[in-house]
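Taken together, the values in this text are just the output of simple stated rules run on the coordinates, not laboratory data. Remember, predicted model here, so these are calculated numbers, not experimental data. Note: ideal-geometry Cβ built from the backbone for every residue, glycine included; neighbour counts use all protein chains shown.
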Amino acid sequence: MNTLKAEKREMSVKAKKLRKEGFIVGNLVGRDIKDSIPLKIEEKEAAKFMKQNKKGSHITLEIGDEKMDALFKDMGYDAMKKEITFMDFQNLVADEKVHATTQIVLLNEETVPGIVEQELEEVDYKAYPADLVETIEIDLSKYNIGDSIHVKDLPMAKNDKITISTSFDALICHIAEPSSNVAEDEEAEEE
């Protein structure tokens, strides 16, 4: 489990000022937290963290001397400035199911004889902290042209400790036959 260091943020200091000082603002919520805890995270720490974690990652959040079990819930990203604008976390409690999102990663795409058309990139679900899923990895080397993979085909769909919010019939990806448009275009030009 990865660790991210953060500090409690003074709300009297505006987010814009913190960004100029090299910080990203964040927020920690949870059942056992009366009010949310505003955070500030060093921009370098956040960038390093994002290289190893995605939305839905189960992490240890260090706030000063305190370590908390947390779920990385959401983030904002300014594409024009190429910078993270905020990060949100949820404090995890062992006996409480949490809403989470996990990313779908397609492996061995280059081994597939056809064209992989990915329709879904993440799955929403609810689970206890012990049952959280970091990522869903699908090995495409086992599939052929014409095959489709749906949410109901995932191992987590058969786990009775996990409640999936995304439709079971949702299409994750389909393997299509390579297009023969090049040959058809050449024939049309000759006519």
*Hey, which of these cross-link pairs are over 22 Å Cα-Cα: LYS73/LYS97; LYS40/LYS97; LYS14/LYS97; LYS5/LYS54?*
LYS40/LYS97; LYS14/LYS97
_Rounded to the nearest 5, what % of DSSP beta bridges with both residues in the chain are antiparallel?_
70
*Using only Cα atoms, find the angle between the long axis of helix 43-52 and the longest principal axis of the chain, and express it within 0 to 90 degrees, rounded to the nearest 10.*
40
_Once you place label points 7 Å from the Cα toward the Cβ at GLU66 and LYS48, how far apart are they in nm?_
2.3
*Check the straight Cα-Cα distances from LYS8 and name the aspartates and glutamates below 20 Å, setting aside those fewer than 8 residues away within the same chain.*
GLU21, ASP32, ASP35, GLU42, GLU43, GLU45, GLU62, ASP65, GLU66, ASP69, ASP74, ASP88
*10 Å beta-carbon shell around THR111, net charge (K/R +1, D/E -1)*: -2
*With θ set to phi - 60° and the Karplus curve 6.51 cos²θ - 1.76 cosθ + 1.60, what are the ³J(HN,Hα) couplings of segment 27-36 in order, to the nearest whole Hz, using x for Gly and Pro?*
8, 10, 10, x, 4, 8, 10, 4, 10, 5
*asked:* Sorting check: for 101-108, 57-64, which peptide has the highest mean count of neighbouring beta carbons within 10 Å, and how do the rest follow?
replied: 57-64, 101-108
*Applying the Karplus parametrisation 6.51 cos²θ - 1.76 cosθ + 1.60 with θ = phi - 60° to the phi angles of segment 130-145, what ³J(HN,Hα) value in whole Hz is obtained for each residue in order, glycine and proline being reported as x?*
5, 10, 5, 10, 5, 9, 9, 9, 10, 7, 6, 5, 8, 10, 10, 4
*Taking the Cα-to-Cβ direction at LEU120 and at LYS16 and moving 7 Å from each Cα, how far apart do the two end points lie in nm?*
4.2
*For LYS126, go through the aspartates and glutamates and keep the ones whose alpha-carbon is under 12 Å away, minus same-chain ones fewer than eight residues off.*
GLU96, ASP160
*Give the long-range amide H neighbours of LEU39: residues separated by 5 or more places, or on another chain, with amide H under 5 Å away, using H modelled in the peptide plane at 1.01 Å from N.*
ARG9, GLY26, ASN27, LEU28
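Under the √(5λ) rule applied to the eigenvalues of the Cα gyration tensor, what semi-axes describe the equivalent ellipsoid of segment 1-137? Give them in Å, descending. Write down the numbers at each step before the final one.
Working: eigenvalues 165, 83, 28 Å².
Each semi-axis is the square root of five times an eigenvalue, giving 29, 20, 12 Å.
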*asked:* Just to verify a number: FRET efficiency for TYR128 and ILE33, C-beta to C-beta distance, R0 = 22 Å, to 0.05?
replied: 0.75
*Give, as ranges by residue number, the residues of segment 135-159 whose backbone N falls under 19 Å from the point 7 Å along Cα→Cβ of VAL105.*
135-143, 154-157
*Name the residues whose placed amide hydrogens come within less than 5 Å of the amide hydrogen of CYS173, ignoring near sequence neighbours (fewer than 5 apart) on the same chain.*
GLU119, ILE149
*Acute angle (nearest 10 degrees) that the helix 181-190 long axis makes with the longest principal axis of the chain, alpha-carbon atoms*: 50
*Return the sequence-ordered ³J(HN,Hα) values of segment 157-173 in whole Hz as given by the Karplus equation 6.51 cos²θ - 1.76 cosθ + 1.60 applied to θ = phi - 60°, using x for Gly and Pro.*
6, 9, 8, 6, 8, 10, 10, 8, 8, 5, 4, 4, 8, 4, 7, 7, 7
